[in-house]
1. Modelled label-to-label distance, residue 292 and residue 50, 7 Å Cα→beta-carbon offset: nm?
2. Mind pulling the per residue volume of the convex hull built on the Cα atoms of segment 118-190? Å³ is fine.
3. So how far apart, in nm, are the two label points at residue 35 and residue 337 if each is 7 Å from Cα heading toward Cβ?
4. What does the extension gain come out to for residue 23 and residue 259, with contour length at 0.36 nm per residue minus their alpha carbon separation?
5. Tell me the relative contact order for the chain as a rounded percent, counting alpha carbon contacts under 8 Å between residues six or more apart.
6. What is the magnitude of the charge dipole of segment 7-150 about its Cα centre, with +1 placed on the Cβ of each Lys and Arg, -1 on the Cβ of each Asp and Glu, and no other charges, expressed in debye to the nearest 20?
7. For residue 219, what is the net charge nearby, where nearby means another residue's Cβ is under 11 Å from its Cβ and Lys, Arg count +1, Asp, Glu -1?
8. For segment 294-350, which trypsin sites (Lys or Arg not before Pro) are in a loop by DSSP, counting at most 16 other Cβ atoms within 10 Å?
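The values are calculated or read from the model by the stated rules, or taken from the named source; none is laboratory data. Keep in mind that what you see is a predicted model, and the values were worked out from it rather than measured. Note that we place each Cβ from the backbone using ideal geometry, even for glycine, and neighbour counts take in every protein chain shown. The area values use the complete protein model at the heavy-atom level, side chains included, leaving out ligands, DNA and RNA. Shrake-Rupley method; radii C 1.70, N 1.55, O 1.52, S 1.80 Å.
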Amino acid sequence: MSQAIHTLCDMSVDDLAALMKDWGQPAYRAKQIYEHVYVNLADSPDAMSNLPLALRGRLSQERPLGSLELARVQTGDKGKTHKALFRLPDDAPVESVLMIYEDRATVCVSTQSGCAMKCSFCATGQLGFTRNLTAGQMVEQVLWAAREVRNAGSEVKALSNVVFMGMGEPFNNYDNWWAAVQRLHDPVGFDMGARNFTVSTVGVVTGIRRLAQEKMEVNLAVSLHAANDDLRTRLVPANKKYPIPAILEAVRDYIQATRRRVSFEYVLLQGVNDGPQEARALTELLRGLLCHVNLIPWNPVPGTPLGPSERRRVLDFQKILHEHHVPCTVRVQRGVDIAAACGQLAGAHP
Ligand code: SAH
């Protein structure tokens, strides 16, 4: 259930127009405010210098920019990775990670505080589920990252990509998640291209099917991690509800409807799912599918009996996929030194 939070980040330009009318303001104020939020990246109504002071004051009182409180920012990877810890009004943690590369800047956004999926290798899964984020709270994380890139003084001057791979399962908060994507895509405002969004799901079949019907085409990544149901259920308990055959059927239909390549994420765990036999089983499972496999070296999560695959095993696994003509890359690790890497987001102090 979404909370009714009235912040600027929860409002479309039409919502703002209605509010301005209500407040007896000229209609053009709505667009001015919207541009301050999404184009100038203002961090509060005080920074909206072409608005009358009284209006700025009223906005601050009644329509603050957002509802997340930035508690801490840490940087790692020589300043190229920034992790933000936000607090919801009830103090629950939300984390976002900005990754600056030579040619792009990507933010990894949370869609829930905590996560209910309980994947055995993931720190957020151990945390458990607290609540869904509103669309505005997802938008706020992106605006934080956009400001952070602007102020970082690096080669890349603007945020280029948004991946919904932080805390939570986006498709278990579909409506809010999709509202956030649409807001950020709005050409009058933030204007991020459809292809610059990626959503990652544990395999929620209903979400994959819904996404296939949407007019706007964002990239889809599916967390697979195993090629058979027994092993996958041990790693990803949600497999009981959404087993591999059901996921693959939905993915096939998705590809047919959209003609888009789907990514499969596969976290490599030493001696668990990283042997040549598992690699071959994966190639059989994915044969003929318009897809790409993203191998993820496992990032350590305290309290689990698991270990990361040795580099040699990662490369051998990749080689088998290549030999069977399955496109495959190994995800570059980012943010391990500040517990900001995939699966390490748990709102804890490292
Ligand atoms: N709920 C979504 C988004 C989660 S995180 C999903 O399941 O896809 C994004 C990716 O990081 C997922 O593929 C997830 O399985 C993976 N991941 C989780 N913990 C990890 C860890 N400790 N090391 C590496 N990848 C991990």
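1. 3.9 nm
2. 112 Å³
3. 4.1 nm
4. Working it through step by step, the gained length comes to 80.3 nm.
5. 15 percent
6. Charge dipole of segment 7-150: 140 debye, to the nearest 20.
7. +2
8. Taking segment 294-350 and a limit of 16 other Cβ atoms within 10 Å, the loop trypsin sites (Lys or Arg not before Pro) found are 331.
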